[in-house]
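Participant: The structure follows.
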Amino acid sequence: MRSLNVASAPNCLSLIASVSPNGPWFDGSIKAESDCRQETRKTLLINQSETCGWCQAKITLLASHSEHIKPKKNPAYTSLTFAMDNLIACCGNSTSSTCGHHKQEGVLANWIHPYHTANLEGFFTYEIDGEMKPVTRLSSNQQSEAFDAINTILNLNETVLRTKREKLISDLNGETYQDLSIDEIFTVVGEFKSLIEQYAP
């Protein structure tokens, strides 16, 4: 997880939001809405450097979806159905065991929000074995909320993700990237920028 700037909404999304601000979200039955859903996801992907808004793994247009940070099916959040600061591009398909599809209708603590919290990445750290944890300076309540977000709601310590991070940490501690800046390393690796920032030589 890391902080993001809010992308500008595609014109099609703004138009649909002006007509039906509380949804429903696109179900794929109308071509114009399907096209708008794809255009929105393209916009989000560009804004996120083609990485998942939750785990920061590399994603593509075909292997991603538009994720509602506050769940669109929850009556408390229907007004955010088309809000760009409630949408991120997220990894996986409907069978994914991490991130948005694992989250489903789960609600994260308000402070765990990529658009509303500055330096969100600074609240999390990565152990040498790839495990993601909250930093120790958080309050006990925030520690609990962060652990819940990582391990229960988003499942960010799932084996495949953790193993990929562990390998990258090992590579960063070796000679492979010794002469490269953080941005150069990220350009080569294409994912896990927060981890690169923590472990870059």
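The values are calculated or read from the model by the stated rules, or taken from the named source; none is laboratory data. Everything numeric in this text was worked out from a predicted model, so none of it was measured. Neighbour counts run over all protein chains shown; Cβ positions are idealised from the backbone, glycine included. Just so you know, the surface numbers come from the protein's heavy atoms only, side chains and all, with ligands and any DNA or RNA stripped out. Shrake-Rupley method; radii C 1.70, N 1.55, O 1.52, S 1.80 Å.
Participant: Quick check on this structure: which one of I153, I185, I196, I169 is at pLDDT 95 or above, open to solvent by less than 60 Å² (accessible area, probe 1.4 Å) and under 30 Å from L80 (Cβ atoms)?
Facilitator: The conditions single out I153.
Participant: Restricting the stretch 131-150 to residues that are open to solvent by less than 90 Å² (accessible area, probe 1.4 Å) and of a type in the set (V, I, T), which is farthest from the chain's Cα centre (by Cα)?
Facilitator: For the stretch 131-150, the residue satisfying everything is V135.
Participant: Now for a separate question. Kindly list, by first and then second residue, each pair from a residue in the stretch 8-32 that is in contact (Cβ under 8 Å) with a residue 40 or more places away in the chain and under 20 Å from Q48 (Cβ atoms) to a residue that is open to solvent by less than 40 Å² (accessible area, probe 1.4 Å) and β-branched (V, I, T), limited to pairs with Cβ atoms under 6 Å and residues at least 6 apart or on different chains.
Facilitator: L13/T40; W25/T81
Participant: In this structure, does T163 turn out to be closer than 30 Å to E105 by Cα, open to solvent by 40 Å² or more (accessible area, probe 1.4 Å), part of a loop (DSSP other than H, G, I, E, B) and not hydrophobic (A, V, I, L, M, F, W, C)?
Facilitator: Criteria not met by T163.
Participant: Can you give me the number of residues within the stretch 156-166 that are in contact with a helix residue (DSSP H, G or I) (Cβ under 9 Å, 6 or more places away or on another chain) and modelled with pLDDT of 95 or more?
Facilitator: 3
Participant: If you don't mind, there's one more thing I want to ask. Take the conditions among the polar types (S, T, N, Q), surrounded by 13 or more Cβ atoms within 10 Å (Cβ to Cβ) and in contact with a Gly (Cβ under 6 Å, 6 or more places away or on another chain) and apply them to S3. Does it pass?
Facilitator: It is false that S3 is among the polar types (S, T, N, Q), surrounded by 13 or more Cβ atoms within 10 Å (Cβ to Cβ) and in contact with a Gly (Cβ under 6 Å, 6 or more places away or on another chain).
Participant: Would you mind finding the one in A76, A89, A118, A57 that is open to solvent by 20 Å² or more (accessible area, probe 1.4 Å) and in contact (Cβ under 8 Å) with a residue 12 or more places away in the chain?
Facilitator: Exactly one residue qualifies, and that residue is A118.
Participant: I'd like to check something: does the stretch 34-53 contain any residue that is under 24 Å from I153 (Cα atoms), in a helix (DSSP H, G or I), in contact with a Gly (Cβ under 9 Å, 6 or more places away or on another chain) and open to solvent by less than 20 Å² (accessible area, probe 1.4 Å)?
Facilitator: Yes, the stretch 34-53 contains at least one residue that is under 24 Å from I153 (Cα atoms), in a helix (DSSP H, G or I), in contact with a Gly (Cβ under 9 Å, 6 or more places away or on another chain) and open to solvent by less than 20 Å² (accessible area, probe 1.4 Å).
Participant: Please find, among E166, E184, E191, E175, the residue that is among the charged types (D, E, K, R) and under 18 Å from the mean Cα position of the chain (by Cα).
Facilitator: Only one candidate passes the filter, namely E191.
Participant: Please verify whether the stretch 48-61 includes one or more residues that are over 20 Å from the mean Cα position of the chain (by Cα) and either over 26 Å from F186 (Cα atoms) or modelled with pLDDT under 95 (or both).
Facilitator: no
Participant: Follow-up question, since we're still on this one. Could you count how many residues in the stretch 1-15 are in contact with an Asp or Glu (Cβ under 7 Å, 6 or more places away or on another chain), aliphatic (A, V, I, L, M) and more than 14 Å from I69 (Cβ to Cβ)?
Facilitator: Within the stretch 1-15, residues that are in contact with an Asp or Glu (Cβ under 7 Å, 6 or more places away or on another chain), aliphatic (A, V, I, L, M) and more than 14 Å from I69 (Cβ to Cβ) number 0.
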